[in-house]
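No lab work stands behind these numbers, since they all come straight from the coordinates. Keep in mind that this is a model prediction, so the values were computed, not measured. Here Cβ is always computed from backbone atoms with ideal geometry, including for glycine, and neighbour counts include all displayed protein chains.
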Amino acid sequence: MGSQKPVKVDIRIIAATNRDLEKLAREGKFRQDLYYRLNVFPIRVPPLRERPEDIPPLVWDFVEEFASQFGKQIQSIGQATMDQLQRYPWPGNLRELRNAIERAMIVSSGTRLKIEQPDLSATEAQPSQAMDEAEREHLLRVLEQTAWRIRGKKGAAAIPGLKPTTLEFRMAKLGLRRPA
């Protein structure tokens, strides 16, 4: 940058989006030259609702991740629960599934995991408000679990993998304050 001499580099760029870049490029809403540079080897990953067979292994991967994180041992998930998860359309895709499993792991107290079916009507009505409320509830549970300790290995910021300053910013944004 800033030099008159070109410097040769050998790099690969991996980019991801949920938008139809080809359509946007045709409409002039995305630079065509950039589209063709990025579109060397496209990989389409269908949304979770189009691949319900992937849900059980993903659920167990998340359970293992959170089990070690929270120090819990989950041995089973009911078949009816798993069927219910496979029928749900997952508008929030993988993030929504992961959050549902994390929420269930936080409140679980036995070896059989109970996962509440997400409420689709709430997310359809007001998505940003519902997301803020879900984040607020989740952070509140995490903060209560850690006795409102934010920093350190056992602090609330470590559980969702946030920087303490990011957690403090989100707490302020969501109006979360330590009870007196």
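Per-residue ellipticity at 222 nm for the chain, helices alone: DSSP H runs ≥ 4 residues times -39500 (n - 2.57), over residue total, nearest 500 deg cm²/dmol?
Helices in the chain give a 222 nm mean residue ellipticity of -15000 deg cm²/dmol.
Give the angle, between 0 and 90 degrees and rounded to the nearest 10, that separates the Cα long axis of helix 127-145 from the longest principal axis of the Cα atoms of the chain.
For 127-145 against the chain, the angle is about 50 degrees.
How far, in degrees from 0 to 90, does helix 93-107 lean away from the longest principal axis of the Cα atoms of the chain, to the nearest 10?
Approximately 20 degrees, to the nearest 10.
In straight Cα distance, which aspartates and glutamates are under 20 Å from Lys154, not counting same-chain residues fewer than 8 positions off?
Glu64, Glu65, Glu102, Glu135, Glu137, Glu144, Glu168
GNM, the chain, Cα, under 10 Å: largest mean-square fluctuation among Ile11, Ile74, Ile115?
In the Gaussian network model the winner is Ile11.
Which residue, Gly110, Gln69, Leu97, has the largest displacement toward the positive end of the dipole of the range 48-118 when charges sit on each Cβ (Lys, Arg +1; Asp, Glu -1)?
Comparing the listed Cα positions along the dipole, Gly110 ranks first.
Given a 10 angstrom Cα cut-off, can you work out which residue in Ala130, Ala80, Ala67 is the most mobile in a GNM of the chain?
Ala80
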